[in-house]
Amino acid sequence: MYGSSITRRLFVAHCVFLAVLTVLVSTAALVDARERSYTVTAERMLSVAVAIADNPLVVTAAQSADPTAALQAYTVSVSANADVDSISIMSPGGVRWTHPDPAKIGQKDPDQAVRAITGAAYTEVTSGAGAPSVRAVVPIVDPEDDVVGIVTAGISTNTTQTVLDARLPAILILALTLLLAGTVGFWLLDRFLRRATLGWGAEELARNYLLTDSVLRSVREGLALIDRSGTVVLYNDQAARLLGIPARTGSRNGATAPAVTDLDLPPALTELLQSGRPAQDELYPTPTRVLVVSQTPAQPAPSRGRGRAESMGTVVTVRENPGAPSRG
């Protein structure tokens, strides 16, 4: 991403953050919705199975010679009316008396519902060939509290409904809304930063700063940039020595740029530096030396997306006059 704008990098980071946040929130919501879906479905299956097991017709049929003849049509009807995938009634030993698939009647239930033989009702989640199923297992108890049969009621969980229960569509819409709002915000920020940085990227700004700092330190003359308000905003060590600019204290960000009027300079030189007028090798005597001063407008090159930029102030070069007698 070398050379890309700061806002473009922030926008990419914004998109990555939103994507990660959306995945995490969606996963948490999906897990929570699945657990709630299992709980609600288990309670419904348990209610259906208990209602069947408590039906006197079922209790009587379970003790008859042919429970299948009395209960098969009944369980099929209840399954349709209660919107249940599977209702099966079996003997205490686990042999099916009824089943949605008549071919499985008479076969032994592979799970055998052993816990129900003790008279305890329970629910469980089983993994079928397709989606997981929630099943309730309830014992059929006669008036003497003996287990005479077992009722199972099960239904496959609906993945689509689980997604809707998790409010994933709402989460995705919110993420897209934040992405759109972030896009507009970063576009506006990009316009502002391009104006403020003249279209340079982060690496380009850092490189230009290092180049400027190297140039300032390498030249033998004093070099300073004075803005239109008369503040010395940039200078090298030689300019600081010749113009009597105090050394900066504290951090670079917290340093205060000196004003021309705060410097101990001859009035004529102070007037020149404040005026911003062009000057070429003008002599200004000070108590200790004679300074040769040149001054030109600081006109930056046109920026990438704009025309000619307005003047930033003046560039001042200053050096000692080697031929002048010392005044010290």
- Message: Give me the helices (runs of 4 or more DSSP H) completely within segment 39-136, filtered to those with at least 1 residues that are at pLDDT below 85 and more than 11 Å from A153 (Cα to Cα), ordered by residue number.
- Response: 114-117
- Right, A28: of a type in the set (A, V, I, L, M, F, W, C) and at pLDDT below 85 or not? yes
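Considering each residue of segment 10-26, count those that are among the β-branched types (V, I, T) and either surrounded by 16 or more Cβ atoms within 10 Å (Cβ to Cβ) or farther than 24 Å from G185 by Cα (or both), and give that number.
Going through segment 10-26 one residue at a time, the tally reaches 2.
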- Query: If we scan segment 164-187, do we find a residue that is aliphatic (A, V, I, L, M) and modelled with pLDDT under 70?
  - Reply: yes
- Query: Given the structure, is A29 touching a residue at least 24 places away in the same chain (Cβ under 8 Å), surrounded by 15 or more Cβ atoms within 10 Å (Cβ to Cβ) and farther than 30 Å from I171 by Cα?
  - Reply: no
- Query: Is there any pair linking a residue in segment 137-155 that is crowded, with 23+ Cβ neighbours inside 10 Å to one that is of a type in the set (D, E) and not in a strand (DSSP E or B), with Cβ under 8 Å and at least six apart or on different chains, and which?
  - Reply: T152/D109; G154/D85
- Task: Kindly indicate whether R9 is farther than 17 Å from A136 by Cβ and either basic (K, R) or part of a helix (DSSP H, G or I) (or both).
- Result: yes
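The values are calculated or read from the model by the stated rules, or taken from the named source; none is laboratory data. The model shown is predicted, which means the values in this text are computed figures rather than measured ones. Note: ideal-geometry Cβ built from the backbone for every residue, glycine included; neighbour counts use all protein chains shown.
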